Each structure stands twice: as C-alpha cells, then as structure tokens.
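Following: one structure in structure tokens, then a few remarks.
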Amino acid sequence: HLVEIVTPDVKIADDTGGTTFPIMYRQLYAQGVILTPNYWLDRVYREGDKLIAVLRNEYTDVQEERAVDQVVIENGIRPNEQLYWQLKERSLNRGQTDIDALYAAQPQPVLSQPLGSGQFALFRIGDGVSMHNIHGAIYDALRLCKDF
C-alpha cells in the first residue's frame, strides 16, 4: 500500500526542527512514503469504491486528484489545560499573563511581589493554550521566564 503525506508547508514536518527531520525523512523514504509539500486538501468525494482527494497547490492554485482508499486528516490537538485550571485559583496572579508586558519583553507584574511559602505565579503557555510546535512553546516560556 502506498502512503502519501500532503501538507501546505514547504516541507513535511517543518515544525520538528532542523535536527530531527533528517532522521524522520530517511525513515519515511525507506518505507516508500510519498511526500507532497505545498498542497492543501480541498475536498474528498466518492467515485465508485474509491475516494477522490482533490489537492490544490499552495502557490499556483492548480488542482490535482488522487484516487485513494482512505484519507486521514490531522487538525491539530486540543490544549492540555487540566493542570492550569486546577492551579489557577491558588496562584497569586490567578493564571493571568500581562500580554502588554509579555510583548514588550518586560517582567510580568506579579514577579515584583514576594512569594511566600507555597505561593506561586502561574502562566499558561505552549500546549496549555493551543496547539503549538515545540519551538513556539519554548519561545513563550523564554519570554515569560527570562526575568525569574
């Protein structure tokens, strides 16, 4: 069975970073996976016992069709927010991030308060907010934690 991975990104798994994707590419190519970057899945329709996947080029809008047995769509993930909600009311800042301070690369106002025993500030970042790639989550953390 052939497997084709289609993405509108410039390359497959673009968000995995430069150190990981070469290993993954070797494995995918070794298994005969077809890599199709720069395409969107526009629609899928049935024709007899096959599905027809209509792909659209990100840059030219030219469409291509593929007769396939199955289509698997990845739409991201839901944030893992359970821990945040459990800790929010117990935190000094009630889980609030001062967005203006964050974007101005300034310390969070709550950090100017002394922390007593068992007290903590809580910030919601990365996959606790929305689907992020690992680099986005690390960048959020760096911006928040640089003044600790």
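Structure values in brief
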{"quantity": "Checking residue 66 against (1) charged (D, E, K, R); (2) under 24 Å from the mean Cα position of the chain (by Cα); (3) surrounded by 11 or more Cβ atoms within 10 Å (Cβ to Cβ), the condition it does not meet", "calculated": "(2)"}
{"quantity": "Count of residues meeting criterion [free of Cβ contacts under 8 Å to residues at least 12 places away in the same chain, open to solvent by less than 100 Å² (accessible area, probe 1.4 Å) and outside any loop (DSSP other than H, G, I, E, B)] in segment 94-108", "calculated": "2"}
{"quantity": "Test: residue 111 is part of a helix (DSSP H, G or I) and under 12 Å from residue 144 (Cβ atoms)", "calculated": "yes"}
{"quantity": "In segment 12-36, the residues that are at pLDDT 85 or above and over 21 Å from residue 74 (Cα atoms)", "calculated": "26, 30"}
{"quantity": "Residues that are open to solvent by 40 Å² or more (accessible area, probe 1.4 Å) and of a type in the set (Ser, Thr, Tyr), drawn from segment 27-58", "calculated": "29, 45"}
{"quantity": "Test result for residue 140, farther than 28 Å from residue 9 by Cα and of a type in the set (D, E, K, R)", "calculated": "no"}
{"quantity": "Flag for residue 61 being in the same structural domain as residue 139 (by the TED database), outside any strand (DSSP E or B) and open to solvent by 70 Å² or more (accessible area, probe 1.4 Å)", "calculated": "no"}
{"quantity": "Any hit, segment 70-86, residues being part of a helix (DSSP H, G or I), surrounded by 12 or more Cβ atoms within 10 Å (Cβ to Cβ) and in contact (Cβ under 8 Å) with a residue 24 or more places away in the chain", "calculated": "yes"}
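Conditions tested, residue by residue: (1) among the small types (Gly, Ala, Ser); (2) under 30 Å from residue 20 (Cβ atoms); (3) touching a helix residue (DSSP H, G or I) at 6+ places or on another chain (Cβ under 8 Å).
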residue: 75; (1), (2), (3): no, yes, no
residue: 78; (1), (2), (3): no, yes, no
residue: 84; (1), (2), (3): no, yes, yes
residue: 94; (1), (2), (3): no, no, yes
residue: 100; (1), (2), (3): no, no, no
residue: 114; (1), (2), (3): no, no, no
residue: 119; (1), (2), (3): no, no, no
residue: 135; (1), (2), (3): no, yes, yes
residue: 143; (1), (2), (3): no, yes, yes
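The values are calculated or read from the model by the stated rules, or taken from the named source; none is laboratory data. As the structure is a prediction and not an experimental result, all values here were calculated from the model. No Cβ is skipped: glycine too gets one built from the backbone with ideal geometry, and neighbour counts run over all protein chains shown. Accessible surface is based on the protein model in full, side chains and every heavy atom, while ligands, DNA and RNA are left aside. Shrake-Rupley method; radii C 1.70, N 1.55, O 1.52, S 1.80 Å.
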